[in-house]
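*Asks:* Below is the structure I would like to discuss, written out as structure tokens.
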Amino acid sequence: MVLFTIFCPIIAAILIMVGAPARKTALAASVLTFAAALFLLASFGYGQPDFQHVTSFTISPEWRLSFTTGIDGLSLIMVLLAAIVTPAAVWFAGPIDKHENAFYACLLFISGGAIGAFASLDLFFFYAFHELALIPTFLLIGMWGTGNRVAAAWKITIYLAIGSFVLLLGLILLYQSVPAPLRSFDIRALTVAASLGQIAADAQHHIYLLLLIGFGILVSLFPFHTWAPEAYASAPAPAAMLHAGVLKKFGLYGLLRLAIPLLPEGARHWTTLLVVLLLGNIIYVGLVTIAQKRLDWMLGYSSVMHMGYIFLGIASAGILGVTGAAVLMFAHGVSIALLFALAGELRQRTGTLVFDELGGLARVMPFAGLAFGLGAFAAIGLPGFTNFAGEIMIFFGAFKNGWTMNGFHIFQIATVLALWGVVISTVYMLRAYRKTFMGTINDQWRQLVDLRPALRVPVALLVGALLCFGFFPQALVQIVTPGFRAYLTANNYLTGTQRCSHGAARRPRILTQYEEDAPQGRGYNRQ
Amino acid sequence: MITTPMLEIAVLVLGMVILLVEAFATKIDRRILAFAAIAGLAVVLLGTFFVAPSPSPNQATGFWSFYTADRLSIFFKQFALLTTIFVLIMMIDYAPVLRSSFPGTQDGVGEFFAVPIFTCAGLMYLVSAIDFVFIFISLELVTISFYVLVSFTRRNPITLEAGTKYLVLSALSTAFLVYGIAWIFGVTGQTNLHRVAEALANPATDRGAALLGMVFVLVALGFKIAAVPFQIWVPDVYQGAPTPVTAYLSVGSKAAGFVVLLRVLLPFLTLPQTQRLIVLIALLTLIYGNLAALPQANLKRLLAYSSIAHAGYLLIGVVCFDARAVTFYLVAYLLMTLLSFAVLIIVAQQTGDEISDFDGLAQRSPFLAFAMLIGMVSLAGVPFTAGFLGKFYIFYTAVLQRQVVLVIVGVITVGCGFYYYLKVVRAMYWQSTANVDKISVNGLSRLAISALIIGTIWLGVYPQPIFDALKR
């Protein structure tokens, strides 16, 4: 079933390139993927920290390289996010002027690549699937974008290509940091090796820094964020929805999947740096967002700014903060997709997204106004939306973080400053809402029509997801917590700095469980 | 059972037969010669899979002290044969251009198909050579046949310029090679590489003089592999030479250069200066090749600079002395470079070889545009293509050996690569063109291009066959 969610969009994309009817095939494939993701959610074994639905094909026995897929709680909610945003993006795409088939194929490649990256248990394919999803993003911006699309496409291409290769170096170093007999591309095997203390502390420092920069560029961590607003402003709405909503979460997912369980020493070493950078995201980029004069740029900057909260959750390294980060990743993905979709519809109708030229649009487009308002409130983090659940967990988790630090230290300062981020995002979101949908309406916009009924389905899907998990955040929390708890206990995040020296006395659950089904004679069975 | 030297003899005989037929059977269509050559080389390629092993090179005497048939050399013989077959297929596509260069007659077309066979024999000898004398002779066989090929369309002044430049600089590099060999022979009294290594291990040997000889040899090989600062000839010669010859130069000549480099450097690895020197050359090559490729507007020149850039990545593998990484990269390089040149030859006959001539190729020929897309993304290093795994393997080795500077420069230059390779993709898919004529592709080329596309993706997804083939 995991394989189906990965390859359904990819096969559909290939069919579309060969000549299948573009929109129908894409919609069918994305709805099927959504159904498959719901099935995965329903059949997910709660409370188990290990990977489920694992399938594996050996590629190179010599390098211990294999195509292995499987999901745990974190993967599941990321796959679910991709499966929710994809049909919405495809639905919003509508008729395309030129190369319609290529457009839909690109959308499905992004979706399939992202799901593949989230469900891969092998470092190589984890990286390669993400790259597979990046290329269509560049093409979408360059071919179908608006405004200064070619410059934006170049910028994002060069930026993310360098980011990817920095990340690749980090991953190679990570693979090599494990002693040769334990070496494997399998993330589970690496996790076992790390929990046995096989990755030396100074090696962890280098690797974590490389991963932080690599993933940071991909996630638009301050100061590597300048590609993002421009690219999102130029991108066609479905591409912005899929990239900002889903694909960008790959970097955060990577930090949660690799950096926290495998490199606890590295994470501890670079905590201060990460906290300073993420405050740059929240405060500096937040202020820049307020200064924006166009809706698309403002949304682009706001998506950069919100990454700061998620980084705060990851930096806190406590169970509460990390869980909050996972929840906010999901929530932000859905809410930013909704906002980009509506901004795209507005651009299609009015031809402009400059605040000064808009205004009063809620009179002619009440449904769009309502939906945008809900999306904006979600992005601000109002209670009732999933974003609120994520943010509050991050703030509580960061204030009482997993590191043992004495007194009033950087985390408390960072949390207090980050709380101001909520005020900042209220300012820019409400301001955008007022300038676009409230106030006096320009005469030229009086003839605009509201979203046609068919488009209300994807809006309802996205808003529904935000509200549903907003009122029942526990549904997400109980999916991700067991996996995180296993990692964090394995690395003694919660109890201080002493390491599991031999691993025999208190073997973390994930370790014992993994060793039970590890193939014999591969070197990681120590007893 | 076939012994290895029979392969080269078969190739030489094939070349001579084709030359004789060309001389006496004046009435036949010259393309038949090319098909015969392709068929003959394909038979030899098949034969390489059934060769008997040769004696261990350490105790070898007589002929076997010049010539080795180890796994690496047989692999590269297959490599040379495969390259030559693809180049001959490209040459058939290129034949109309050649005819227009010799108006009214078929003169010369036959030789155009026959000379690459001798180059191929030279390459096959070269990869087996373990003695400086033999290296020199087979290198000359390759180089002299390239003199002919590069200036083949000699009525074209640009080609003539390319031919002259190649001749002069190549002769200069040969002189360096002979001088270097003379120094090494003078110090060690040996020309066989294994005995040179033994002599160098002896503390009584004059290391400084041997190092001087090695530097001269390195200069000559740097010319072959287009490493900075011996790359000056590359852009002009690549642009001026007939395009199939350019493809042959950039793949065949480079691969042979790297095999010889790996063999020649082996005795000198005990000298620490050697590695430092190659690190320096690799850095310069990476930076120069990638930066100079950025502003190019002509695709042949772009590929010339990209060939320099790829020499840089290959040199990273040489610094780490990982023959398998270098070999894998060369195989990937073969596939993607030949793919790009094959498309270039077909498109250039319709429009031209500027990048702007590729505008809107996606509408004119989706097949060729897709082939070029695969070639370019593989050269750039996008996952699921052979080029990515090649770079992955090279960087993997470099990281393992802690070549920090090389890795950092390598990663940044890969970013540059994305820019200039995707420039071609942009022209094909994003730019529109007034010229909407369809471009037709004949059956054989279509087959060859499809095989190269499949090969590029296959190696990017499932590289194990090459790893197995390289296992000793």
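The values are calculated or read from the model by the stated rules, or taken from the named source; none is laboratory data. Here the structure is a predicted model, which is why all the values come from computation and not from measurement. Here the Cβ positions follow ideal geometry from the backbone for every residue, glycine too, while neighbour counts run over all protein chains shown.
*Asks:* What single numbered condition from (1) surrounded by fewer than 24 Cβ atoms within 10 Å (Cβ to Cβ); (2) touching a helix residue (DSSP H, G or I) at 6+ places or on another chain (Cβ under 6 Å); (3) at the interface with chain B (Cβ under 10 Å from one of its Cβ atoms); (4) not hydrophobic (A, V, I, L, M, F, W, C) fails to hold for A:H130?
*Replies:* The single condition A:H130 does not satisfy is (1).
*Asks:* Among the residues of segment B:192-208, how many are out of contact with any Asp or Glu (no Cβ under 8 Å at 6 or more places or on another chain), in contact (Cβ under 8 Å) with a residue 12 or more places away in the chain and of a type in the set (S, T, N, Q)?
*Replies:* Looking only at segment B:192-208, we keep the residues that are out of contact with any Asp or Glu (no Cβ under 8 Å at 6 or more places or on another chain), and these are B:194-208.
Going one step further and asking which of them are in contact (Cβ under 8 Å) with a residue 12 or more places away in the chain, we end up with B:194, B:196-197, B:199-201, B:205-207.
From what is left, the residues that are of a type in the set (S, T, N, Q) are B:205.
Matching residues across segment B:192-208 total 1.
*Asks:* To continue, here is another question. Cβ-Cβ under 8 Å, sequence separation 6+ or interchain: first residue in segment A:173-189 and under 24 Å from A:G70 (Cα atoms), partner basic (K, R) and at pLDDT 85 or above. Which pairs?
*Replies:* Final answer for the pair search is A:I187/A:R257.
*Asks:* From the list B:V424, B:V441, which residue is touching a Phe, Trp or Tyr at 6+ places or on another chain (Cβ under 9 Å), surrounded by fewer than 22 Cβ atoms within 10 Å (Cβ to Cβ) and touching a residue at least 60 places away in the same chain (Cβ under 8 Å)? Reasoning before the result, please.
*Replies:* Values: B:V424 fails: surrounded by fewer than 22 Cβ atoms within 10 Å (Cβ to Cβ).
Just a single option satisfies the conditions, and that option is B:V441.
*Asks:* Could you please give the count of residues in segment B:337-384 that are touching a Ser or Thr at 6+ places or on another chain (Cβ under 7 Å), within 14 Å of chain A (Cβ to nearest Cβ) and farther than 17 Å from B:S250 by Cβ?
*Replies:* Counting residues in segment B:337-384 that are touching a Ser or Thr at 6+ places or on another chain (Cβ under 7 Å), within 14 Å of chain A (Cβ to nearest Cβ) and farther than 17 Å from B:S250 by Cβ gives 4.
*Asks:* Now for a separate question. Answer yes or no as to whether B:T385 is under 25 Å from the mean Cα position of the chain (by Cα), more than 17 Å from B:N290 (Cα to Cα) and of a type in the set (V, I, T).
*Replies:* yes
*Asks:* Still on this structure, I have one more. Give the residue that is nearest to A:G112 (Cα to Cα), with candidates limited to residues of segment A:133-155 that are in contact with a Cys (Cβ under 7 Å, 6 or more places away or on another chain) and more than 8 Å from chain B (Cβ to nearest Cβ). I'd like the intermediate steps shown before the answer.
*Replies:* So the first thing to find is which residues in segment A:133-155 are in contact with a Cys (Cβ under 7 Å, 6 or more places away or on another chain), and the list is A:136, A:139-140.
Narrowing further to those that are more than 8 Å from chain B (Cβ to nearest Cβ): A:136, A:140.
Working: A:P136: 11, A:L140: 15 Å.
Within segment A:133-155, the match that is nearest to A:G112 (Cα to Cα) is A:P136.
*Asks:* A further question follows. For segment B:393-410, check the following and say yes or no: at least one residue is within 11 Å of chain A (Cβ to nearest Cβ), basic (K, R), in a helix (DSSP H, G or I) and within 25 Å of B:L330 (Cβ to Cβ). Can you show your working first?
*Replies:* First pass over segment B:393-410, keeping only residues within 11 Å of chain A (Cβ to nearest Cβ): B:393-402, B:404, B:407-408, B:410.
So of that shortlist, the ones also basic (K, R) come out as B:402.
Now narrow it down to the ones that are in a helix (DSSP H, G or I): none.
There is no residue in segment B:393-410 that is within 11 Å of chain A (Cβ to nearest Cβ), basic (K, R), in a helix (DSSP H, G or I) and within 25 Å of B:L330 (Cβ to Cβ).
*Asks:* Out of the residues in segment A:175-184 meeting the condition of being under 16 Å from A:D122 (Cα atoms) and outside any helix (DSSP H, G or I), tell me which one is nearest to the other protein chains (Cβ to nearest Cβ).
*Replies:* This residue is A:R183.
*Asks:* Can you spot a residue in segment A:345-354 that is without any contact (Cβ under 8 Å) to a residue 40 or more places away in the chain and β-branched (V, I, T)?
*Replies:* yes
*Asks:* Give segment B:166-220 a look and list any residue that's among the aromatic types (F, W, Y) and surrounded by fewer than 18 Cβ atoms within 10 Å (Cβ to Cβ), or say none. Break it down into steps so the answer makes sense when it comes.
*Replies:* To start, the set of residues in segment B:166-220 that are among the aromatic types (F, W, Y) comprises B:166, B:176, B:179, B:183, B:185, B:216.
The answer is B:Y179, B:F185.
*Asks:* Look through segment A:43-67, keep the residues that are aromatic (F, W, Y) and in contact (Cβ under 8 Å) with a residue 12 or more places away in the chain, and return whichever of them is surrounded by the fewest Cβ atoms within 10 Å (Cβ to Cβ).
*Replies:* Filtering segment A:43-67 down to residues aromatic (F, W, Y) leaves A:44, A:46, A:51, A:57, A:63, A:67.
Keeping just the survivors that are in contact (Cβ under 8 Å) with a residue 12 or more places away in the chain gives A:44, A:46, A:51, A:63, A:67.
Working: A:F44: 18, A:Y46: 9, A:F51: 23, A:W63: 17, A:F67: 20.
That would be A:Y46.
*Asks:* Pull out all pairs, ordered by first then second residue, where Cβ-Cβ is under 6 Å, the residues are six or more apart or on different chains, the first lies in segment B:218-237 and is more than 18 Å from B:L299 (Cβ to Cβ), and the second is of a type in the set (F, W, Y) and surrounded by fewer than 22 Cβ atoms within 10 Å (Cβ to Cβ).
*Replies:* Sorted first by the residue in segment B:218-237, then by its partner, the pairs are B:V219/B:F176; B:A220/B:F176; B:V228/B:Y288.
*Asks:* Out of A:I187, A:I158, A:I172, which single residue is among the aliphatic types (A, V, I, L, M), facing another protein chain (nearest Cβ under 8 Å) and over 26 Å from A:Y232 (Cα atoms)?
*Replies:* Details: A:I187 fails: facing another protein chain (nearest Cβ under 8 Å); A:I158 fails: over 26 Å from A:Y232 (Cα atoms).
Exactly one of A:I187, A:I158, A:I172 is among the aliphatic types (A, V, I, L, M), facing another protein chain (nearest Cβ under 8 Å) and over 26 Å from A:Y232 (Cα atoms), namely A:I172.
*Asks:* Could I ask something else about it? State all residues of segment A:211-268 that are assigned to a loop (DSSP other than H, G, I, E, B) and polar (S, T, N, Q); if no residue qualifies, say none. Can you show your working first?
*Replies:* We begin by selecting, within segment A:211-268, every residue assigned to a loop (DSSP other than H, G, I, E, B); these are A:220-226, A:235-236, A:248, A:263.
Once the filter is applied, which keeps residues that are assigned to a loop (DSSP other than H, G, I, E, B) and polar (S, T, N, Q), segment A:211-268 yields A:S220, A:T226.
*Asks:* For segment B:236-247, give me each residue that is surrounded by 24 or more Cβ atoms within 10 Å (Cβ to Cβ) and closer than 15 Å to B:G163 by Cα.
*Replies:* Let us first name the residues in segment B:236-247 that are surrounded by 24 or more Cβ atoms within 10 Å (Cβ to Cβ), namely B:237-238, B:240-247.
Hits for segment B:236-247 are B:V237, B:Y238, B:G240, B:A241, B:P242, B:T243, B:P244, B:V245, B:T246.
Here is a yes/no grid of residues against (1) part of a helix (DSSP H, G or I); (2) out of contact with any Cys (no Cβ under 7 Å at 6 or more places or on another chain):
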residue	(1), (2)
A:L3	yes, yes
A:I10	yes, yes
A:S30	yes, yes
A:T33	yes, no
A:F39	yes, yes
A:Y46	no, yes
A:I59	no, yes
A:T68	no, yes
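*Asks:* Could you go through segment B:250-265 and let me know if any residue there is surrounded by fewer than 20 Cβ atoms within 10 Å (Cβ to Cβ), in contact (Cβ under 8 Å) with a residue 60 or more places away in the chain and more than 27 Å from B:P116 (Cβ to Cβ). Please lay out each step first, then the result.
*Replies:* Within segment B:250-265, the first condition is being surrounded by fewer than 20 Cβ atoms within 10 Å (Cβ to Cβ), and the residues that meet it are B:262.
Next, only the ones that are in contact (Cβ under 8 Å) with a residue 60 or more places away in the chain stay: B:262.
Remaining after also requiring more than 27 Å from B:P116 (Cβ to Cβ): none.
Among the residues of segment B:250-265, not one is surrounded by fewer than 20 Cβ atoms within 10 Å (Cβ to Cβ), in contact (Cβ under 8 Å) with a residue 60 or more places away in the chain and more than 27 Å from B:P116 (Cβ to Cβ), which makes the answer no.
*Asks:* In addition: Please verify whether A:G251 is closer than 22 Å to A:A331 by Cβ and buried (at least 21 other Cβ atoms within 10 Å of the Cβ), treating the condition exactly as stated.
*Replies:* Numbers: closer than 22 Å to A:A331 by Cβ: yes; buried (at least 21 other Cβ atoms within 10 Å of the Cβ): yes.
Yes, satisfied.
*Asks:* Moving on. Report yes if some residue within segment A:177-186 is under 22 Å from the mean Cα position of the chain (by Cα), of a type in the set (A, V, I, L, M, F, W, C) and either modelled with pLDDT of 85 or more or surrounded by fewer than 20 Cβ atoms within 10 Å (Cβ to Cβ) (or both); otherwise report no.
*Replies:* No: segment A:177-186 contains no residue that is under 22 Å from the mean Cα position of the chain (by Cα), of a type in the set (A, V, I, L, M, F, W, C) and either modelled with pLDDT of 85 or more or surrounded by fewer than 20 Cβ atoms within 10 Å (Cβ to Cβ) (or both).
*Asks:* Regarding segment A:102-112, can at least one residue be identified that is over 22 Å from A:D296 (Cα atoms), at the interface with chain B (Cβ under 9 Å from one of its Cβ atoms) and in contact (Cβ under 8 Å) with a residue 60 or more places away in the chain?
*Replies:* The answer is yes, given that some residue of segment A:102-112 is over 22 Å from A:D296 (Cα atoms), at the interface with chain B (Cβ under 9 Å from one of its Cβ atoms) and in contact (Cβ under 8 Å) with a residue 60 or more places away in the chain.
Yes/no per residue for (1) under 23 Å from A:V85 (Cα atoms); (2) in contact with a helix residue (DSSP H, G or I) (Cβ under 8 Å, 6 or more places away or on another chain):
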site: A:A28; (1), (2): yes, yes
site: A:T33; (1), (2): yes, yes
site: A:F39; (1), (2): yes, no
site: A:T55; (1), (2): no, yes
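*Asks:* So, in segment B:332-361, exactly how many residues are farther than 16 Å from B:T243 by Cα and surrounded by fewer than 24 Cβ atoms within 10 Å (Cβ to Cβ)?
*Replies:* The total comes to 3.
*Asks:* Taking the stated definitions as given, is B:V279 buried (at least 22 other Cβ atoms within 10 Å of the Cβ) and farther than 30 Å from B:T153 by Cα? First the steps, then the outcome.
*Replies:* Details: buried (at least 22 other Cβ atoms within 10 Å of the Cβ): no; farther than 30 Å from B:T153 by Cα: yes.
So B:V279 fails the test.
*Asks:* Could I ask something else about it? When the residues of segment B:453-462 are narrowed to those that are in contact with a Gly (Cβ under 9 Å, 6 or more places away or on another chain) and not β-branched (V, I, T), which ends up nearest to the other protein chains (Cβ to nearest Cβ)?
*Replies:* Initial filter on segment B:453-462 (in contact with a Gly (Cβ under 9 Å, 6 or more places away or on another chain)): B:453, B:456, B:459-460.
With not β-branched (V, I, T) added as a condition, the list becomes B:459-460.
Values: B:L459: 12, B:G460: 9 Å.
Top of the filtered list is B:G460.
*Asks:* Oh, and also: Please give the number of the condition B:I316 fails out of (1) crowded, with 24+ Cβ neighbours inside 10 Å; (2) more than 16 Å from the chain's Cα centre (by Cα); (3) closer than 24 Å to B:Q239 by Cα.
*Replies:* All conditions pass for B:I316, except number (3).
*Asks:* Another question about this same structure. For B:L444, state whether it is within 14 Å of chain A (Cβ to nearest Cβ) and among the hydrophobic types (A, V, I, L, M, F, W, C).
*Replies:* Working: within 14 Å of chain A (Cβ to nearest Cβ): no; among the hydrophobic types (A, V, I, L, M, F, W, C): yes.
Criteria not met by B:L444.
*Asks:* Can I ask one more? Could you please find all residues in segment B:361-383 being under 30 Å from A:L167 (Cα atoms), in a loop (DSSP other than H, G, I, E, B) and in contact (Cβ under 8 Å) with a residue 60 or more places away in the chain?
*Replies:* If the condition is that a residue be under 30 Å from A:L167 (Cα atoms), in a loop (DSSP other than H, G, I, E, B) and in contact (Cβ under 8 Å) with a residue 60 or more places away in the chain, then B:P383 is the only one that fits.
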